[in-house]
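Enquirer: One structure, as structure tokens, below. Some questions next.
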Amino acid sequence: MRIGIDAMGGDYAPLEAVKGASLAASVMADVELVLFGSKSAIEEVCSLEGIDIAQFEIVDTPDVIEMAEHPVKALVSKPNSSIAQGFLQLASHKIDAFLSAGNTGAMLVGSIQYLKLVDGCDRPCLTAAIPRVDNRPGLLLDVGANADCKPEHLEKFALLGNLLYSMMYKIDSPKIGLLNIGEESEKGNLLTKATHQLLSQTQGIHFVGNVEGRDIFGDHADVVVCDGFSGNVIIKLCEGIYYRLVKRGVQDDYLDQFNFKHYGGSMVLGVNAPVIVGHGITKAETFVKMIELAQETVQSQLTSKIQKAMSRFIASQAETANQS
């Protein structure tokens with residue numbers, strides 16, 4: 001298995017990416033790590049940190065897509081960037097997964113441009129783990145890829161979340177909930193009302209109805225579906241509360257679960273290969289978590305399962321249309 005790492009992505013690149021790759025290489029004997037980035041910069045880090053550079057394969061890329069750059073323009077103007085070259089190798093099956101803590105927009109655009117969407121998926125989505133009191137995280141999606149959604153998009157997110165949660169926690173039929181402002185089916189806006197009706201009829205998932213914001217940390221649902229605007233607000237709110245409580249000296253095992261370093265990155269679901277996006281402030285130990293998540297995703301053949309599930313979904317929709 002070969003996992004590609006954008007060594008130039010993130011606020012602490014390439015130092016933390018290279019240190020994380022080295023830590024992962026020392027404990028993951030069956031994984032080959034390919035670093036995309038400035039070879040001279042990577043060599044300098046290895047020299048200063050006493051890291052054996054022979055642990056990696058290095059693809060020398062002269063360009064870097066900065067965090068604030070426009071994703072589409074950057075990918076077009078910088079074909080020799082670490083992100084663009086990583087996607088090229090992933091699309092040509094030279095690596096099995098690709099991860100970055102760099103420009104999230106470029107990673108999303110690159111996922112679509114180079115890998116294409118899975119047949120039946122209209123948009124990719126991002127995922128986030130939500131700490132729960134039973135110590136098994138919940139899953140929230142979308143958390144930022146799609147600010148505006150249609151009911152059909154949220155239905156696909158539910159199918160994707162169902163598969164991902166099953167892979168991560170070995171649960172055959174996770175509970176799927178819809179984020180809303182009330183438990184009753186008639187509550188919400190036009191989007192949530194229409195989505196509730198769709199999910200109630202969607203085959204292959206265990207839909208448990210609406211989930212209010214206060215309940216996403218409980219056991220009402222394993223997977224909570226929402227538009228990317230709402231999802232992003234939730235995770236940023238959780239992040240803000242976590243850091244402010246830590247600064248006030250609050251120490252608690254449950255609170256510590258809100259530290260993103262425990263979860264690695266966010267998977268980009270709905271594209272034809274494993275892609276993982278990390279937080280810009282990701283450090284070495286979290287890069288290890290990202291690499292472990294990439295390994296698990298490849299081993300579980302999640303992408304293939306998503307492709308097959310969407311094919312079945314398309315076929316069932318066609319059958320229903322013919323019957324009507």
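The values are calculated or read from the model by the stated rules, or taken from the named source; none is laboratory data. On a predicted model such as this, the values are computed, not experimentally measured, just so you know. In this analysis, Cβ positions are derived from the backbone assuming ideal geometry, glycine residues included, and neighbour counts consider all displayed protein chains. Surface accessibility is based on the protein's heavy atoms, side chains included, excluding ligands, DNA and RNA. Shrake-Rupley method; radii C 1.70, N 1.55, O 1.52, S 1.80 Å.
Enquirer: With springs connecting C-alpha atoms under 10 Å apart, model the chain as a Gaussian network and identify which of MET267, MET290, MET310 has the largest mean-square fluctuation.
Expert: Per the Cα network of the chain with a 10 Å cutoff, MET310 tops the list.
Enquirer: Can you pull the one-decimal nm distance between simple spin-label points at GLN251 and ASP30, each 7 Å off the Cα toward Cβ?
Expert: The answer from the label model is 3.9 nm.
Enquirer: Step through the residues of segment 181-193 one at a time and calculate ³J(HN,Hα) from phi using the Karplus curve (6.51 cos²θ - 1.76 cosθ + 1.60, θ = phi - 60°), rounding each to whole Hz and writing x for Gly and Pro.
Expert: 9, x, 6, 5, 5, 7, 7, x, 9, 4, 5, 6, 5
Enquirer: Separate question: Anyone know which of GLY240, GLY20, GLY209 comes out most mobile in the 10 Å Cα GNM of the chain?
Expert: GLY240
Enquirer: Can I ask one more? On a 1.4 Å probe surface of the protein chains, which of MET1, MET28 comes out largest in accessible area, and what is the full order?
Expert: Largest accessible area first, the residues go MET1, MET28.
Enquirer: What are the ³J(HN,Hα) couplings of segment 136-146, residue after residue, when phi is run through the Karplus curve with 6.51, -1.76, 1.60 and θ = phi - 60°? Round to Hz, x for glycine and proline.
Expert: Each residue of segment 136-146 in turn: 10, x, x, 10, 10, 7, 8, 10, x, 7, 9 Hz.
Enquirer: What does the charge dipole of segment 217-305 about its Cα centre add up to, to the nearest 20 debye, if the Cβ of each Lys and Arg holds +1 and the Cβ of each Asp and Glu holds -1?
Expert: 360
Enquirer: For a quick check: with amide H placed at 1.01 Å from N, whose amide H comes under 5 Å from VAL271's, ignoring anything fewer than 5 positions away on the same chain?
Expert: HN-HN under 5 Å from VAL271: VAL118.
Enquirer: Which links in LYS236/LYS283; LYS94/LYS116; LYS193/LYS308; LYS39/LYS289 stretch past 26 Å when you go from one Cα to the other?
Expert: In this structure, LYS193/LYS308 lie more than 26 Å apart at Cα.
Enquirer: Further question: Near the amide H of SER266, under 5 Å away, which other amide H atoms are found, from residues 5 or more places off or on another chain, if H is placed in the peptide plane?
Expert: It is VAL277, GLY278, by chain and number.
Enquirer: While we're looking at this one, here's another question. With θ set to phi - 60°, apply the Karplus curve 6.51 cos²θ - 1.76 cosθ + 1.60 along segment 304-317 and write out the HN-Hα couplings as whole Hz, x wherever there is a Gly or Pro.
Expert: These are the phi-based 3J(HN,Hα) values: 5, 5, 5, 4, 5, 5, 5, 5, 5, 5, 4, 5, 5, 5 Hz.
Enquirer: Could you list the GluC sites (Glu not before Pro) in segment 178-257 that lie in coil according to DSSP, counting only those with at most 12 other Cβ atoms within 10 Å of their Cβ?
Expert: GLU184, GLU186
Enquirer: Let me ask something additional. Could you check how much of the accessible area of the chain is carbon and sulfur, as a whole percent, using a 1.4 Å probe?
Expert: Roughly 51 percent, rounded to a whole number.
Enquirer: If the cut-off is 15 Å between C-alpha atoms, which aspartates and glutamates fall inside it for LYS247, apart from same-chain ones fewer than 8 positions away?
Expert: Partners found: GLU239, ASP256.
Enquirer: Please state the relative contact order of the chain as a whole percent: Cα pairs under 8 Å, 6+ residues apart?
Expert: The value is 22 percent.
Enquirer: So, counting K/R as plus one and D/E as minus one, what does the shell of residues with Cβ under 10 Å around SER38 add up to?
Expert: Charge balance near SER38 sits at -3.
Enquirer: Right, another one. Between ARG136 and VAL233, how high is the FRET efficiency from 1/(1 + (r/R0)^6) when r is the Cβ-Cβ distance and R₀ = 22 Å? Nearest 0.05.
Expert: 0.40
Enquirer: Another question, then. In debye to the nearest 20, how big a dipole does the chain give about its Cα centre with +1 on each Lys and Arg Cβ and -1 on each Asp and Glu Cβ?
Expert: 400
Enquirer: Keeping all protein chains in place and using 1.4 angstrom, which order do VAL277, VAL233 fall into by accessible surface area, from largest down?
Expert: Output order, biggest surface exposure first: VAL233, VAL277.
Enquirer: For segment 257-321, with only Lys/Arg (+1) and Asp/Glu (-1) charged at the beta-carbon, what is the dipole magnitude about the Cα centre, in debye rounded to 20?
Expert: 20
Enquirer: Any chance you could check the Cα centroid distance between segment 253-324 and segment 98-170 for me, in angstrom?
Expert: 6
Enquirer: I've got another one for you. How high is the relative contact order of segment 257-299, given as a whole-number percent (alpha carbon pairs under 8 Å, six or more residues apart)?
Expert: Result for segment 257-299 is 42 percent.
Enquirer: Let me ask you something else. What is the set of long-range amide H partners of VAL224 at a cut-off below 5 Å, with H atoms built 1.01 Å from backbone N?
Expert: Close amide H contacts, sequence-distant or interchain: LEU139, LEU140, LEU141, GLY177.
Enquirer: Tell me, which longest segment in the chain has none of the trypsin sites (Lys or Arg not before Pro) that fall in DSSP loops with at most 15 further Cβ atoms within 10 Å?
Expert: Excluding the exposed sites themselves, the longest stretch runs over 1-93.
Enquirer: Using a 10 angstrom cutoff on alpha carbons, build the Gaussian network for the chain and name the most mobile of LEU190, LEU269, LEU163.
Expert: LEU190
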